[in-house]
1. When residues of segment 181-227 are filtered for being out of contact with any Gly (no Cβ under 8 Å at 6 or more places or on another chain) and among the hydroxyl-bearing types (Ser, Thr, Tyr), how many remain?
2. Which of (1) out of contact with any strand residue (DSSP E or B) (no Cβ under 9 Å at 6 or more places or on another chain); (2) of a type in the set (Asp, Glu); (3) farther than 15 Å from TYR158 by Cα is the odd one out, the single condition ASP181 does not satisfy?
3. If you check VAL143, VAL147, VAL133, which single one turns out to be touching a Lys or Arg at 6+ places or on another chain (Cβ under 9 Å) and under 20 Å from ASN79 (Cβ atoms)?
4. For THR61, all conditions in the list (1) at pLDDT 95 or above; (2) more than 26 Å from SER156 (Cα to Cα) hold save one; what is the number of the exception?
5. If you check TYR158 against the conditions, is it closer than 16 Å to TRP197 by Cβ, assigned to a helix (DSSP H, G or I) and among the aromatic types (Phe, Trp, Tyr)?
6. From the list GLY208, GLY215, GLY232, GLY240, exactly one residue is within 25 Å of SER111 (Cα to Cα), surrounded by 13 or more Cβ atoms within 10 Å (Cβ to Cβ) and at pLDDT 90 or above. Which is it?
7. Please specify each residue of segment 37-82 satisfying the condition of being touching a Gly at 6+ places or on another chain (Cβ under 8 Å) and among the aromatic types (Phe, Trp, Tyr).
Amino acid sequence: VMKMAAARLEAIAHHLNLSPEVSQGGHVTPVLTSGRLPSVPTSPEFRYTVDGGALTHEQRTFYEENGFLVVKNLISHDNIDAYSKRFEEICRGEVIVPNLTIMKDISLVKSKANLPKDSTSVTKIQRFQDDPVLMGYCKSQEVLQYVESFSGPNISAYHTMLIHKPPDPGTKSSRHPLHQDMYYFPWRPIDRVVCAWTAMEHVDRSNGCLVVVPGSHREGKIKEHGYPQWEGGVNFLYHGILDYDENSPRVH
């Protein structure tokens, strides 16, 4: 249990960009957030969505049972093209975004190779809240109308990232084990937390699409995570559920 707690603390500190002193046991000043949020109208029939939002009764029922929902063609191709262009500009260093973190494939970094200054080695950028182009996604009414159906009208964006999946460099380090997002994040109440995720190109199992285990959200617990014992390893903090049953039904 202590080992799992230490791993979670390391993961949370990394995502929150805490200083080394804080992440190693220093003082953190608590700030009330969700405790001050007003209550939102909910029906006894639904735990994870609120009344009065954009979701239909059928969509709310599906999410209640499965823990995910697909809304097709929500973001325009023009906007997606703009986000892609901005991502490339950031990777090339043409745009500097304050507080942004750029993550690269660990095997390429360890190789000490002279990596090109483009997106070919980048796996993720995080904390783009200070970039007006990428943050436009989080502020778009198309997204917010659905987010409000889960969190209510008092919405805060707590973590922003753009995940990039270039071809594996031959080390299998690009693989990402199945995990629970709330293992990484300390935000509560969990029932009012939701992730909005949009594919920026056509995705399927051949190029790294999203994978979910329907209904797993109803188990109500954070499982033990750690680095999987895979040949070639995985990227930094790519933790996965240690007792994951490979025979669990999955949706790609």
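1. Number of matching residues: 4.
2. Just one mismatch for ASP181, condition (3).
3. The match here is VAL133.
4. The number of the failed condition is (2).
5. Values: closer than 16 Å to TRP197 by Cβ: yes; assigned to a helix (DSSP H, G or I): no; among the aromatic types (Phe, Trp, Tyr): yes.
Criteria not met by TYR158.
6. Working: GLY208 fails: at pLDDT 90 or above; GLY215 fails: within 25 Å of SER111 (Cα to Cα); GLY232 fails: at pLDDT 90 or above.
Matching residue, one of GLY208, GLY215, GLY232, GLY240: GLY240.
7. Scanning segment 37-82 gives a single hit, TYR48.
Okay, residues lined up against (1) open to solvent by less than 60 Å² (accessible area, probe 1.4 Å); (2) under 17 Å from CYS195 (Cβ atoms); (3) within 20 Å of the chain's Cα centre (by Cα):
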residue: GLU45; (1), (2), (3): no, no, no
residue: THR49; (1), (2), (3): yes, yes, yes
residue: PHE62; (1), (2), (3): no, yes, no
residue: TYR83; (1), (2), (3): yes, yes, yes
residue: ARG86; (1), (2), (3): yes, no, yes
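The values are calculated or read from the model by the stated rules, or taken from the named source; none is laboratory data. These numbers were taken from a predicted model, which means no experiment stands behind them. Using ideal geometry, Cβ is built from the backbone for each residue, glycine included, and neighbour counts are taken over all protein chains shown. Each accessible area value is taken on the protein alone, full model and side chains, heavy atoms only, with ligands, DNA and RNA left out. Shrake-Rupley method; radii C 1.70, N 1.55, O 1.52, S 1.80 Å.
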